[in-house]
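Participant: Below are the structure tokens for one structure; questions will follow.
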Amino acid sequence: MLNGKVVVLGVTGGIAAYKAATLCSRLVQRGADVHVIMTESAKQFIPELTLQTLTKNPVYSDTFDERDPSVVSHIHLADLADLVLIAPATANVIGKMAHGLADDMLTTTLLATTAPVMISPAMNVHMYTHPAVMANMETLVSRGVSMIEPGEGLLACGYVGKGRMEEPDTIVDVVERFFQGRAAESAASNQDMESGSTGILHGKKVVVTAGGTIERIDPVRYITNDSSGKMGFAIAKAAKQLGADVHLIAAHTDEAPPAGIPAERVESAQDMYEAVQRVFDTSDIVVKAAAVADYRPAEAATSKIKKRGETMTLDLVKTTDILESLGRQKTSQFLIGFAAETDTVEQFAREKLKRKNCDLIVANDVTQEGAGFGTDTNSVHIFDAEGLVLQLPVMSKEEVALRLLTLAAERLTGRLS
């Protein structure tokens with residue numbers, strides 16, 4: 001996927017800069033044309049000559065060192081890039097990017113490029129969790145910058161925690177999947193233009209559930225959860241963009257459904273179960289992005305419950321497990337579930353996929369910055385029965401939705417062929 005792709009690699013001044021040598025080597029081995037821009041502090045950790053030798057291209061660090069009079073170097077690199085990758089990305093460069101500063105070759109190029117930007121943060125654990133750094137990263141993500149989450153472990157400073165730059169092989173895999181996704185979207189678009197259809201899901205019926213269900217305690221109180229409906233709405237919007245006939249079933253949400261997509265509104269888990277059952281037999285893809293209550297009050301009071309005593313006991317009973325029911329019923333339907341977890345994400349997600357007979361499970365750690373409820377971004381791991389299929393860094397929920405549905409369309413086509 002990297003053959004002929006131009007990757008502008010920004011290397012900034014952290015101890016993880018030594019990993020840039022391996023990263024350059026791996027990218028070149030996969031076919032990328034790598035052009036390196038180093039900050040002055042990065043050169044304290046690794047020499048320019050090392051990266052120049054590995055990439056077979058000049059290494060840039062000085063905005064005013066114009067080597068080719070026919071071009072302005074930072075503009076030329078900005079235009080040339082298919083992707084700008086910053087690895088390692090220090091707290092300093094993240095701050096500069098967030099505030100639009102351009103005081104060196106790298107940050108000047110970043111302001112000039114229209115290519116996608118991906119960063120791999122690396123810093124001390126306390127720096128990584130500092131409110132200023134977190135706010136800067138949120139700003140970048142909101143502008144479409146992709147984030148490769150740092151790993152956890154022993155840091156060079158002696159601390160143990162989150163902040164270690166992700167390993168070069170993993171970063172290259174993320175870059176390859178990024179270009180693979182873009183290639184799939186481009187191929188699908190070309191195919192649709194040739195066939196006269198409107199997308200890779202043209203002629204398919206996609207059912208999407210969104211939001212959080214409400215289980216009534218009495219006429220003024222209820223049990224619900226933090227789901228905003230944004231992920232489900234993004235999936236419904238992406239499905240329509242890809243040409244599908246979309247049936248959106250929405251419980252409680254923080255905002256209105258996407259324009260042009262009518263939503264069947266429901267309240268409780270039972271309401272949602274009945275709504276899905278009515279359309280399941282005629283569906284091709286079902287995406288269960290809603291957060292459905294696992295329990296409901298055994299009895300809902302018909303009038304407001306008055307306050308009595310210091311404590312109150314509420315009897316709860318299990319709701320119908322919609323995803324598990326669909327997994328038992330499915331014939332040719334492609335079933336996608338979601339797993340919002342707070343720990344042991346992979347284990348719980350794979351167990352859920354097997355138990356509920358899903359084709360794909362989309363798992364995310366809702367405690368991760370930029371991936372929880374109510375955000376405009378997400379970071380997910382997508383699993384099938386064989387294990388991890390796709391890992392997406394923090395990106396907009398719309399982009400996550402397009403990647404997910406492109407993958408589902410490819411698998412559905414393969415199953416039917």
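Values in this text are rule-based calculations from the coordinates and carry no lab data. Given the structure is predicted, the values throughout are model-derived calculations rather than measurements. A quick note on method: Cβ atoms are made from the backbone with ideal geometry, for glycine too, and the neighbour counts reach across all protein chains shown.
Participant: Kindly work out what percent of the DSSP beta bridges joining two residues of the chain are antiparallel, to the nearest 5. Could the numbers behind the result be given before it?
Facilitator: Numbers: 22 of 63 bridges.
Given both bridge residues lie in the chain, the antiparallel proportion sits at roughly 35 percent.
Participant: A follow-up question, please. Quick one: PHE45, PHE338, fewest Cβ neighbours within 10 Å first, how do they rank? Write down the numbers at each step before the final one.
Facilitator: Working: PHE45 17, PHE338 25.
In order of increasing Cβ crowding within 10 Å: PHE45, PHE338.
Participant: Moving on. Taking every DSSP beta bridge that has both residues in the range 246-339, what percent is antiparallel when rounded to the nearest 5?
Facilitator: Details: 3 of 10 bridges.
If we restrict to bridges inside the range 246-339, about 30 percent are antiparallel.
Participant: Relative to the compact globular guide of 2.2 N^0.38 Å, what is the alpha carbon radius of gyration of the range 101-174, as a ratio? Don't jump to the answer; show the numbers that get you there.
Facilitator: On the way: Rg = 13.5 Å, N = 74, 2.2 N^0.38 = 11.3 Å.
Computed over Cα atoms of the range 101-174, the ratio equals 1.20.
Participant: Under a no-solvent Debye model with one identical scatterer per Cα of the range 1-142, what's log10 I(q)/I(0) at q = 0.09, 0.21 Å⁻¹?
Facilitator: Here log10 of I(q) over I(0) equals -0.25, -1.37.
Participant: Would you calculate the convex hull of the Cα atoms in the chain and tell me its volume per residue in Å³? Walk me through the numbers before you get to the answer.
Facilitator: Working: hull volume 71.3 nm³, N = 417.
Per residue, the Cα convex hull of the chain comes to 171 Å³.
Participant: Starting at the first residue of the range 339-350, write each ³J(HN,Hα) from the Karplus equation 6.51 cos²θ - 1.76 cosθ + 1.60 with θ = phi - 60°, in whole Hz, x for Gly and Pro.
Facilitator: For the range 339-350, the Karplus-derived couplings read 10, 8, 10, 10, 6, 6, 4, 4, 4, 5, 5, 5 Hz, x marking Gly and Pro.
Participant: Determine which aspartates and glutamates satisfy two conditions relative to LYS56: a Cα distance under 13 Å, and not lying fewer than 8 residues away in the same chain.
Facilitator: Straight-distance partners of LYS56: ASP33, GLU48.
Participant: Is there a pair in LYS330/LYS354; LYS240/LYS352; LYS162/LYS356; LYS204/LYS237 whose C-alpha atoms are over 25 Å apart, and which pairs would that be?
Facilitator: Details: LYS330/LYS354 14 Å; LYS240/LYS352 28 Å; LYS162/LYS356 33 Å; LYS204/LYS237 14 Å.
In this structure, LYS240/LYS352; LYS162/LYS356 exceed 25 Å between Cα atoms.
Participant: Of the listed peptides 111-117, 203-209, 232-238, what is their order by residue-averaged count of other C-beta atoms within 10 Å, with the highest listed first?
Facilitator: Details: 111-117: 16.4, 203-209: 23.7, 232-238: 27.0.
Top to bottom by mean Cβ count within 10 Å: 232-238, 203-209, 111-117.
Participant: Follow-up question, since we're still on this one. Pull up the cross-link candidates among the lysines for LYS307, meaning alpha carbon to alpha carbon under 26 Å and not fewer than 8 places away within one chain.
Facilitator: LYS318
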